[in-house]
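Novice: Got a structure for you, questions after.
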Amino acid sequence: MTEADKIFAQFPEFIREYIYSHSWEDLRDIQISAAKTIFTTNHNLLLTSSTASGKTEAAFFPILSEIYNADDKSISVLYIAPLKSLINDQFGRMEELLIQSGIRVTHWHGDVAVSQKKKLLERPEGILQITPESLEAMLINRSNDIKRLFCDLRYIVIDEIHTLTGTDRGNQIICQIARIERIIERSVRRIGLSATIGDPSLAANWLSAGTNRETDIPRFPEEKNRWRLGMEHFYIRNQNFDQTKSAAEKDNDKALLDTGYEYVYDCVSDRKSLVFSNSREETEYVCATLRQIAKKRKEKDIFLIHHGNLSASLREEAEMKMKNEEILAVTCATVTMELGIDIGRLERVVQIDSPNSVSGFLQRLGRSGRRGQPPEMMMVFREEEPLPNAPLPQLIPWGLIRAIAIVQLYIEERFIEPPRQKKEPLSLLFHQTLSMLASHGEMSASKLADTVLKLPPFVSVSKEIYKTMLVSMLNNDHLEMTEEKGLIVGMAGERMLASFKFYAVFNDSEDFTVRCESEEIGTITTPSPVGDRFALAGRVWEVLEVDAQRRLIYVKAVEGKMEISWPGEYGEIHTRILERMKQVLCEDKDYPYLKENARKRLETARAVARNTGMTEHSIIHLGGYTWCLFPWLGTRSFRTLRKMIGAVSAELGISGMDFEGSCYMTFRMEKGSAEDLIFALKSRFGYDGISPMSLVSPTELPTFEKYDEYIPADLLRHAYAVDRLDTKEAAKRIADIAGEYSI
């Protein structure tokens, strides 16, 4: 009997029937490895493999085998996922699997009926699928029920952990798990699932934080890349599909609203597809444009939209139509469709502009090509054609160069960004302090500090820092001291806790709900005056009435499309991507996935780089007092270098600094040359011993996270220096640039 046969024999009948009904001929390596860990050890487990490789089944087949017919008196499995849509999808899949088992599965988030939640509270059992925010609400509002709900908890499964490691939301989950384990007085096995993790050992450390359990990370034979990948480029103002300079438009049936979007339309109009953009605003614009093209061509509107500001009904409509193989549908989406929702046989993914990371590229590419077909993605880049006298940095198509670098990094090195780590997550510390007091009631300051600082995300936070925060919370009425010198939630804290928005640790806004007659469309942050128009759900709406007190906007649908300017911030980018971007400009390599326009645009960019010397010398004189620096550094180190230049700006007469992402920075320098600048930087910062705090101005107030505005300024500045600057890498790059000038 083979190992797979032995494992298969341990599965209960309902799982074996499920496997037979889906015509699976054998168990995959990932399913065998997961079962071995769960059946034969007490270890935690991290499963990381490509999208659609069967991670969910690999984890749940042995877990369900373990809890089947067990005499558990509470919830047996806690499944935590970052998106409601992912939970809804997994709920449907789990219901199908468990239909003959007698094991109950309950999903729990803001869109689930109260009656379903009430059933679980009355009789806790089976599997609970929940978001971090709903779990936080449970810990606060049902603290007395936690032991009853989870006393026999066996497994905690965290899905898509690559989106959570190193973030406040991910660390919130680790806090929640630790709090539950304290209440039930035992450690619970943890299972992490993800398709893309750069350093699995770091992710495993995060998953097992606060436990003494070993974490197994099964390794599998590396699969050969089989992609259908293309990149094409368009100038926005050039109306010709072939991007020729001829002003004569060709006689065809195309609407020629925009050649780039016409190309996107032709890529997806006959295929079930996802069209990804990097922001909600851009997603709205793309969807509206594709619908407009369909109307002008007198073709069927098959375009849907999916992002976090839409109503649950509109998101679910997009998900159901994408799953239905009888319906031809195209969904324009943000990250909400990037994660592991099973949308069946998806034929193609289109990406507007570059993905933000290697991880994001792989996640989005992996949405297509299921059921034996290779993944297929087309990236489309649009830009204004640079004028002949445009500044040097504007002559480079940074999005196209970044996309090539991302693809090449994975092809050549299998590089994926490692998980980020935070040493001083002060916004989360503020949040968990209020949450802990709300659930526990009055606690002494020493007991509170001992309880909170032992939560795994806060192990690097000193007692002195926490004492300073508690004093600030007392002074601002977030906390209150009783006559017995105990701490309770204060009036300002009570107001925070009274809102459901408190449960989330990410930034939110006071949104207005948009309604068209009886239909809820979604939410927007800023209401428009009556008569004005805005875009939402891929359509344009005219405001009929604004009910400010109830935060409602009543609208009617109108024809047209809104011009939208979306932000160019791409989040945190790793230094390896910028370094590979420089190599793209330097090398003569031909990339087979580039289409004709993209190939020509790259050739032009390489000629610019070669003729200006921007890849040989990092500091380029643009004329007069204007200079440009190309440091080829990721977000943290780029930010650090900007501060270093600011520190020497007075002696060199530097002013007017501007920058684009992490690609370049321009500035005026009235008192020196490139050699003078790099000499000043090397003299002051060209070694590893510089303290990041020395770069933070005493007047800075660096607020990034949701509750940063309530943190004492000195603590914020220290956390900013520790977690958002990288002096070591910046100093090394200064030394590298000094070598270019023999300094």
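Novice: Out of everything in segment 679-701 that is assigned to a helix (DSSP H, G or I) and of a type in the set (D, E, K, R), what residue ends up being surrounded by the most Cβ atoms within 10 Å (Cβ to Cβ)?
Specialist: The selected residue is Lys682.
Novice: Same structure again: From the set of residues in segment 14-39 that are over 16 Å from Ile63 (Cβ atoms) and touching a residue at least 12 places away in the same chain (Cβ under 8 Å), which is surrounded by the fewest Cβ atoms within 10 Å (Cβ to Cβ)?
Specialist: Among residues in segment 14-39 that are over 16 Å from Ile63 (Cβ atoms) and touching a residue at least 12 places away in the same chain (Cβ under 8 Å), the one surrounded by the fewest Cβ atoms within 10 Å (Cβ to Cβ) is Asp26.
Novice: Further, regarding this structure: Can you confirm whether Lys300 is open to solvent by 50 Å² or more (accessible area, probe 1.4 Å) and assigned to a loop (DSSP other than H, G, I, E, B)?
Specialist: yes
Novice: How many residues, within segment 429-452, are open to solvent by 10 Å² or more (accessible area, probe 1.4 Å) and either under 17 Å from Tyr707 (Cβ atoms) or without any contact (Cβ under 8 Å) to a residue 40 or more places away in the chain (or both)? Explain how you work it out, then say what you get.
Specialist: Taking segment 429-452 as the starting set, the residues that turn out to be open to solvent by 10 Å² or more (accessible area, probe 1.4 Å) are 438-447, 449-451.
Still in the running and either under 17 Å from Tyr707 (Cβ atoms) or without any contact (Cβ under 8 Å) to a residue 40 or more places away in the chain (or both): 438, 446-447, 449-451.
Counting residues in segment 429-452 that are open to solvent by 10 Å² or more (accessible area, probe 1.4 Å) and either under 17 Å from Tyr707 (Cβ atoms) or without any contact (Cβ under 8 Å) to a residue 40 or more places away in the chain (or both) gives 6.
Novice: Same structure, new question: Determine whether segment 702-709 contains at least one residue that is in a helix (DSSP H, G or I), open to solvent by less than 40 Å² (accessible area, probe 1.4 Å), touching a residue at least 40 places away in the same chain (Cβ under 8 Å) and of a type in the set (Asp, Glu).
Specialist: Within segment 702-709 (the criterion being in a helix (DSSP H, G or I), open to solvent by less than 40 Å² (accessible area, probe 1.4 Å), touching a residue at least 40 places away in the same chain (Cβ under 8 Å) and of a type in the set (Asp, Glu)), the answer is yes, since at least one residue qualifies.
Novice: Just for strands (runs of 3 or more DSSP E) wholly inside segment 1-111: which have at least 2 residues that are farther than 16 Å from Ile127 by Cα?
Specialist: It comes to 44-48.
Novice: Please pick out the residue among Leu46, Leu64 that is within 18 Å of Leu193 (Cβ to Cβ), in contact (Cβ under 8 Å) with a residue 12 or more places away in the chain and touching a Gly at 6+ places or on another chain (Cβ under 6 Å).
Specialist: Exactly one of Leu46, Leu64 is within 18 Å of Leu193 (Cβ to Cβ), in contact (Cβ under 8 Å) with a residue 12 or more places away in the chain and touching a Gly at 6+ places or on another chain (Cβ under 6 Å), namely Leu46.
Novice: Next question, about the same structure. Where residues in segment 601-645 are open to solvent by 30 Å² or more (accessible area, probe 1.4 Å) and basic (Lys, Arg), which of them is farthest from Glu660 (Cα to Cα)?
Specialist: Of everything passing the filter in segment 601-645, Arg610 is farthest from Glu660 (Cα to Cα).
Novice: Can you tell me which of (1) among the charged types (D, E, K, R); (2) surrounded by fewer than 21 Cβ atoms within 10 Å (Cβ to Cβ); (3) modelled with pLDDT of 90 or more; (4) touching a strand residue (DSSP E or B) at 6+ places or on another chain (Cβ under 7 Å) is the one Glu413 doesn't meet?
Specialist: Here Glu413 meets the rest and fails (4).
Novice: Hey, another quick one. Identify, please: which residue in segment 646-665 is part of a helix (DSSP H, G or I), over 21 Å from Asp723 (Cβ atoms) and of a type in the set (Gly, Ala, Ser) and is, among those, least open to solvent (accessible area, probe 1.4 Å)?
Specialist: So, considering only residues that are part of a helix (DSSP H, G or I), over 21 Å from Asp723 (Cβ atoms) and of a type in the set (Gly, Ala, Ser), the one least open to solvent (accessible area, probe 1.4 Å) is Ser649.
Novice: Moving on. Looking only at segment 287-319, how many residues end up being over 23 Å from the mean Cα position of the chain (by Cα) and aliphatic (A, V, I, L, M)?
Specialist: The total comes to 5.
Novice: While we're here: Which pairs turn up if I take residues in segment 635-654 that are closer than 14 Å to Phe679 by Cβ and in contact (Cβ under 8 Å) with a residue 24 or more places away in the chain and look for partners that are in a helix (DSSP H, G or I) and of a type in the set (Phe, Trp, Tyr) with beta carbon separation below 7 Å, at least 6 apart in sequence or on another chain?
Specialist: So the pair list comes out as Met644/Phe685.
Novice: Given Ile63, Ile87, which one is hydrophobic (A, V, I, L, M, F, W, C), within 28 Å of His307 (Cβ to Cβ) and buried (at least 22 other Cβ atoms within 10 Å of the Cβ)?
Specialist: Ile87
Novice: So which of Thr211, Thr215 is of a type outside the set (Lys, Arg) and at pLDDT 95 or above?
Specialist: Thr215
Novice: Considering only segment 150-162, I want to know if a residue exists there that is part of a helix (DSSP H, G or I), in contact with a helix residue (DSSP H, G or I) (Cβ under 8 Å, 6 or more places away or on another chain), open to solvent by less than 10 Å² (accessible area, probe 1.4 Å) and under 20 Å from Ile197 (Cβ atoms).
Specialist: yes
Novice: Can you give me the number of residues within segment 657-705 that are under 22 Å from Arg717 (Cα atoms) and over 32 Å from the mean Cα position of the chain (by Cα)?
Specialist: Adding up the residues that qualify gives 3.
Novice: For Leu164, are the conditions met, namely being over 24 Å from Glu494 (Cβ atoms) and not β-branched (Val, Ile, Thr)?
Specialist: Against the criterion (over 24 Å from Glu494 (Cβ atoms) and not β-branched (Val, Ile, Thr)), Leu164 qualifies.
Novice: Exactly one condition in (1) under 30 Å from Met496 (Cα atoms); (2) part of a loop (DSSP other than H, G, I, E, B) is not met by Asp714; state its number.
Specialist: It fails just one condition, (2).
Novice: From (1) touching a residue at least 12 places away in the same chain (Cβ under 8 Å); (2) exposed (fewer than 13 other Cβ atoms within 10 Å of the Cβ), pick out the condition that doesn't hold for Gly126.
Specialist: So Gly126 meets the others, but not (2).
Novice: Here is a follow-up. Could you check segment 471-504 and list, in sequence order, the residues that are surrounded by fewer than 15 Cβ atoms within 10 Å (Cβ to Cβ), under 30 Å from Thr131 (Cβ atoms) and not basic (Lys, Arg)?
Specialist: Listed by number, the residues that qualify are Asn476, Asp477, Met491, Ala498, Ser499, Phe500.
Novice: A follow-up question, please. If I ask for residues that are open to solvent by 30 Å² or more (accessible area, probe 1.4 Å), among the acidic types (Asp, Glu) and farther than 17 Å from Glu603 by Cβ, which ones from segment 372-404 would you list?
Specialist: Glu384
Novice: Now, a different point. Can Leu455 be described as touching a residue at least 60 places away in the same chain (Cβ under 8 Å), in contact with a Cys (Cβ under 6 Å, 6 or more places away or on another chain) and under 26 Å from Glu136 (Cα atoms)?
Specialist: yes
The values are calculated or read from the model by the stated rules, or taken from the named source; none is laboratory data. Please read all numbers here as calculations on a predicted model, not as lab measurements. Note: ideal-geometry Cβ built from the backbone for every residue, glycine included; neighbour counts use all protein chains shown. Note: areas computed on protein heavy atoms with side chains; ligands, DNA, RNA excluded. Shrake-Rupley method; radii C 1.70, N 1.55, O 1.52, S 1.80 Å.
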